[in-house]
1. From zero up to wherever the largest Cα-Cα distance of the range 93-151 sits, split into 10 Å bins and tell me the percent of pairs in each.
2. Taking 0.36 nm per residue of separation and subtracting the Cα-Cα distance, what length does fully extending ASP117 through ARG19 add?
3. With no solvent and one point on each alpha carbon, what is the Debye value of log10 I(q)/I(0) for the range 54-147 at q = 0.15, 0.16, 0.19 Å⁻¹?
4. Fewest to most neighbouring Cβ within 10 Å: what's the order for ASP116, ASP104?
Amino acid sequence: MERPSKNDDRTGVGSSGRRAFLGGAVVWAASAVAAGAIGAMVTAFRALGRRGTSAWETDGAGLDGVIGAERLGPGVLLRSTAEGPRAWSLRCPHLGCTVIRTADGFRCPCHGSRFDDQGNRLEGPAPEGLAPLPVQRVGTRWRVRTREGGA
């Protein structure tokens, strides 16, 4: 009886089948490596965008000692309270739209989330209330830290 050779198609496992399999495996592995590298680059670029600290400063006139006085900054609400100054981000935690002031709080014009006067979530798709922001006194000015990140 004759033995089948390595290239004999009667075995069903000819070298052309192995080559096709290995070629497909190499393509699949290269695609996985490329996808991982792209993911790592995207993560690195996002981290670069978050580096450093951004702040908004405003004059303390009209806020000092006047409970309920407010000042709007770019994406920030600063309010004088009995406990001291408080600040909130005006970015909706749902998808980042800028909320607008209403008679009783804030409303997101994009998807309808509503927040009370203290930034607490009342309704809508937003998963939480408006983010509180750190406030500090710098001389006669108030500084609100609007973004934090690694140095």
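Only the coordinates and a few stated rules stand behind these numbers; no lab work does. Being a predicted model, the structure only gives us computed values, none of them experimental. Heads up, the Cβs are rebuilt from the backbone with ideal geometry, glycines too, and the neighbour counts pull from every protein chain shown.
1. Spelled out bin by bin, the range 93-151 gives 22, 41, 27, 10 percent.
2. Details: separation 98, 0.36 × 98 = 35.28 nm, distance 6.78 nm.
Here the segment from ASP117 to ARG19 would lengthen by 28.5 nm.
3. Those come out to -0.54, -0.61, -0.83, one per q.
4. Ranked by crowding around the Cβ, least crowded first: ASP104, ASP116.
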